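Below you'll find the structure, written out as structure tokens, and then a few comments.
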Amino acid sequence: MTRLALALPDGHPGGDFLVIGARGGDDLSPLDPARTQVQQGNFPDHQALSARGFHVAPQVEGRFDAALVVLSRAKAQGRARIADAAARLQPGSALWIDGQKTDGIDSMLKDLRALAPVDEVHSKAHGKIFRVTIPGGDWLPPDWTARPQEIAPGFVTRPGVFSADGVDPGSAMLAAALPDRMPTRVVDLGAGWGWLSAQALDRPGIEILHLVEGDHAALDSARDNIRDPRAQFHWADARDFTLKEPVNGVIMNPPFHDGRAADPRIGGDFIAAAARLLTGAGRLWMVANRHLPYETVLAQHFGQVREISGDTRFKVFEATAAARGAARKGRR
């Protein structure tokens, strides 16, 4: 039995129910999809939940009778989700909070006990779920509400996005290694809040740049940060993103975590996507953590691969001759 099943042993509690932050594989079986709306801005999770029959949107509107918030790794994002859910509920309504110990559920329980009535605490599978009864008035600290944060002149981020507190050092190394003149048609796979794309647009050559990002909040930040008419924004899973016409440049700093779990296969899927997007003469510029074994995957998809920059933490690759790698040669 999952934590949500422990919290809702009789199934859907009645009325309209809001869920914020559920992942694609999370158990929501006690809830009636016809009376439940899910707020999820991560594109793969959004698609998975939609396929299960839930109404899913990056931003859900309206009022609700009860709600569930699933915590994330980022404390600021968890607080923002709670503030968002609480603002949709009437005093006396039930707000359930669910999370793993590694996502700070114990400290959140302590914080909320000091702010509102808390009961129905259930522990299972290295986590907890508990119920908050919404009090009247402004009961949450004002800084819990999500707001764009300016972290550098002209750049804002939102709670929970990758590298929300500053420029990722891997991206900074990749930007420094980009050529003085960029190709005409470029894709930034996993563009985040747009800093790397902005650096590329500062160089001559680009006529169109596609920013592809699966985190809706990060993409909203990128829209705020880049007003250049050459930029086009795509909320999509970079791993299966396609365009009608190939491009001659791809830049990327791919993730290698799914939640808290390290999964280097994600970077491998990014490499395969880059190869599909590029012309044979096009070039990929990619940064990765030094310990990640991407050389073999790059060689499978590109005929020429070389490390052009790096230090003890990161390595930057340039690759060309897409679709002429070792794996494809072996199939001929």
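The values are calculated or read from the model by the stated rules, or taken from the named source; none is laboratory data. Because the structure is a prediction, the values reported are computed rather than measured. Cβ sites come from the backbone with ideal geometry, for glycine too, and all protein chains shown count toward neighbours. In case anyone asks, the SASA skips ligands and DNA or RNA and just uses the protein heavy atoms, side chains included. Shrake-Rupley method; radii C 1.70, N 1.55, O 1.52, S 1.80 Å.
Couple of notes before you dig in:
- Karplus-based coupling profile of segment 9-18, in residue order and whole Hz: x, 9, x, 3, x, x, x, 8, 10, 10, with θ = phi - 60° in 6.51 cos²θ - 1.76 cosθ + 1.60 and x standing for Gly or Pro.
- Rounded to 5, the percent of DSSP beta bridges in the chain classed as antiparallel: 45 percent
- Straight-distance crosslink candidates among lysines, where the alpha carbon sits under 26 Å from LYS128 and sequence neighbours closer than 8 are dropped: LYS75, LYS101, LYS110
- Rounded to the nearest whole Hz, the Karplus-based 3J(HN,Hα) values (6.51 cos²θ - 1.76 cosθ + 1.60, θ = phi - 60°) of segment 280-286 follow the sequence x, 8, x, 10, 9, 10, 9, with x at glycine and proline.
- Taking the chain and dividing mean pair separation by its residue count, relative contact order in percent (alpha carbons under 8 Å, at least six apart): 11 percent
- Span per principal axis, largest first, for the Cα atoms of segment 177-251 (Å): 30, 26, 23
- Amide H contacts of VAL187 (H built 1.01 Å from N, under 5 Å, at least 5 apart or other chain): HIS210, GLY249, VAL250, ILE251
- Once exposed loop GluC sites (Glu not before Pro) are cut out (DSSP; at most 15 other Cβ, 10 Å), longest piece of the chain: 62-206
- Residues whose placed amide H lies under 5 Å from that of GLY282, excluding near-sequence neighbours: ALA321, ALA322
- Relative packing of peptides 71-84, 217-230 - highest average C-beta neighbours within 10 Å first: 71-84, 217-230
- Per residue, segment 162-301 exposes 42 Å² of accessible surface when a 1.4 Å probe is rolled over the protein heavy atoms with every protein chain present.
- Per-selection Rg to Rh, segment 1-159 - Cα, Kirkwood hydrodynamic radius: 0.95
- For segment 1-52, the solvent-accessible area with a 1.4 angstrom probe is 43 square angstrom per residue.
- Restricting attention to segment 64-168, close to 70% of DSSP beta bridges with both partner residues there are antiparallel.
- Amide H contacts for ILE206 (H built 1.01 Å from N in the peptide plane; partners 5 or more residues away or on another chain; cut-off under 5 Å): MET182.
- Split the accessible area of segment 60-175 by element, probe 1.4 Å, and carbon with sulfur accounts for 51%.
- Take every DSSP beta bridge whose two residues both sit in segment 1-129; close to 25 percent of them are antiparallel.
- Net charge, TRP235 excluded, C-beta distance under 12 Å - Lys, Arg +1, Asp, Glu -1: -3
- Here P(r) over Cα pairs in 20 Å bins from 0, in percent was computed from the coordinates, and among (1) 32, 58, 10, 0; (2) 30, 50, 20, 0; (3) 28, 55, 16, 0 the match is (2).
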